[in-house]
Amino acid sequence: MNPPTITATACRTPLAAGLRSWLASTPGALLVTLAISTVCALESTVAPWAPYFVVYGALALLIPNLVGIAPIRPTRLHGRPLWRITTIVAVLAIAVDSGVFTLGYDLLLQRMGLGGQAFYSISGATARLVEMVAYRTGLSPLAAQGIFGVFVLLWAPIGEELFYRGYLYGVLKSRMPGVAAFVIAAVCFSARHVLHFLYLWPTVSIAGLAWALGMLCFAGLMTWLYERTGGLGPSMAVHFMVNVAGLLVAPV
């Protein structure tokens, strides 16, 4: 009798199942978040295509798909209650992000004689980032802005919500108290945004901290909206609207 044939699929299945199981564990989720944040830091500094986080962006989309994507369509709210709560959160999120941490913070800096300085100002640091990218890569400022715009408007609302709310928060809340999962996921989301400013190192310091605080507030709102509606769709929509407002108030 001939020995049984072991197919490639048979070999891959246990490995894939083991990988999915590990990714869905608390240590796995935290280590993966640390790993892709490290990738983001490298892509923001030493990668030839810096500061555009191409690999990080792909991983943030891929990993939630490997584990199982959280529901996109809301499962807890529908109709008018869904539209009402989504609209309220959108207005609040835009007010916090564009109002408090962009316009309000810049106004405060101007009154202190620090307006527009990349070390302190988020919008100033962002403008400086675009200038440096254009200078180092040979791109026109408009092209550099356009690439950032693609990431901000097309990738971020999907990729960040899938990874930080759908995957990271989803894994953590199933294995620890909800408040702890809420805080850890929000802090990871906030800290990752600061990594983009590493491209300007050592110019940026206070601006990065201010942005991190703004993103911490934003992450809290998006996580609450996800929990309240039971789907990632509303948080993706609000995320998109907040990013549009941010580009209009302080274009990259």
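The values are calculated or read from the model by the stated rules, or taken from the named source; none is laboratory data. Everything quoted here is computed from the prediction, not taken from an experiment. Note: ideal-geometry Cβ built from the backbone for every residue, glycine included; neighbour counts use all protein chains shown. To get the accessible areas, we keep the full protein, side chains included, count just its heavy atoms, and leave off ligands, DNA and RNA. Shrake-Rupley method; radii C 1.70, N 1.55, O 1.52, S 1.80 Å.
Values as computed for the structure displayed
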{"item": "Zone residues, the range 28-71, relative to Ala191, backbone N less than 15 Å from point 7 Å out along Cα-to-Cβ", "result": "28-42"}
{"item": "Inverse mean reciprocal Cα-Cα distance (Kirkwood Rh) of the chain, Å", "result": "19.4 Å"}
{"item": "Surface per residue (accessible, 1.4 Å probe) for the chain, Å²", "result": "50 Å²"}
{"item": "Listed residues Gly57, Gly138, Gly115, most fluctuating in the chain (Gaussian network, C-alpha, under 10 Å)", "result": "Gly138"}
{"item": "Prolate/oblate/rounded label for the range 155-252 (Cα gyration tensor, a/c 1.5)", "result": "oblate"}
{"item": "Between 0 and 90°, nearest 10: helix 26-43 axis offset from the chain longest Cα axis", "result": "50 degrees"}
{"item": "The range 55-183 - Debye-derived log10 I(q)/I(0), Cα point model, q = 0.09, 0.10, 0.18, 0.22 Å⁻¹", "result": "-0.42, -0.52, -1.19, -1.25"}
{"item": "Of Met236, Met132, Met176, the one that fluctuates the most in a GNM where the chain has Cα springs shorter than 10 Å", "result": "Met176"}
{"item": "Estimated inter-spin distance, Leu114 and Arg76, nm [label 7 Å along Cα→Cβ]", "result": "3.9 nm"}
{"item": "Residue-span extension gain [Val100 to Trp22] - 0.36 nm each, minus C-alpha spacing", "result": "24.1 nm"}
{"item": "Cβ-derived FRET efficiency at R0 51 Å, Thr13 paired with Leu107, nearest 0.05", "result": "0.30"}
